[in-house]
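A short worksheet on the structure shown next.
Read the figures in this text as sums done on the coordinates, not as results from a lab. These figures come from a predicted structure and were not determined experimentally. Cβ: placed from backbone, ideal geometry, glycine included. Neighbour counts: every protein chain shown.
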C-alpha cells in the first residue's frame, strides 16, 4: 500500500480537521466550544482510523497525509 494512497474518508476527515483548526485559529472565532469539540471528534477519527493498522510507517504516513491534504487545499484555493 502506497503512503499517498489514502482512503477518501481519511483524506476528508483530515481536510475537515484542517478547516476546523484554521477556523479556531482565526482572530476572534465564533463558537469556540463547538469548534474545539469538533476538533476533538475529528482527532479521534483520525487517530483510530483502520488505515493505520496497515500502514508500514505510521508516523511517516500521518505526516504524508497532512502534507497531501494541505497541498490539496492550497491547490483548491488557488
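Give the relative contact order (percent, whole number) for region 8-77; include only Cα pairs under 8 Å separated by 6+ residues. Don't skip to the end; give the middle numbers.
On the way: 32 pairs, mean separation 30.1, N = 70.
Relative contact order here is 43 percent.
For the chain, find the longest principal axis of its Cα atoms and tell me its angle to the long axis of helix 58-77, 0 to 90°, nearest 10.
Approximately 50 degrees, to the nearest ten.
Could you work out how far apart the two model spin labels at residue 18 and residue 71 are, taking each label as a point 7 Å from the Cα in the direction of the beta carbon, and quote it in nm?
The modelled label-to-label distance comes out at 1.1 nm.
For the chain, what does the helix formula give at 222 nm: sum of -39500 (n - 2.57) over DSSP H segments with n ≥ 4, over the residue count, nearest 500 deg cm²/dmol?
Details: 3 runs with 54 residues, N = 78.
After summing the helix terms and dividing by the residues of the chain, the value is -23500 deg cm²/dmol.
Only counting other Cβ atoms within 10 Å, I'd like 62, 30 sorted with the fewest neighbours first.
Fewest-to-most ranking of 62, 30: 30, 62.
Per 0.36 nm of contour for each residue apart, how much would the distance between residue 44 and residue 31 grow if the chain were fully extended, relative to their Cα-Cα spacing?
In short, 2.6 nm is gained.
Quote to one decimal, in nm, the extra length available between residue 5 and residue 57 on full extension: 0.36 nm per residue of separation minus the C-alpha distance between them.
Answer, rounded to one decimal: 17.4 nm.
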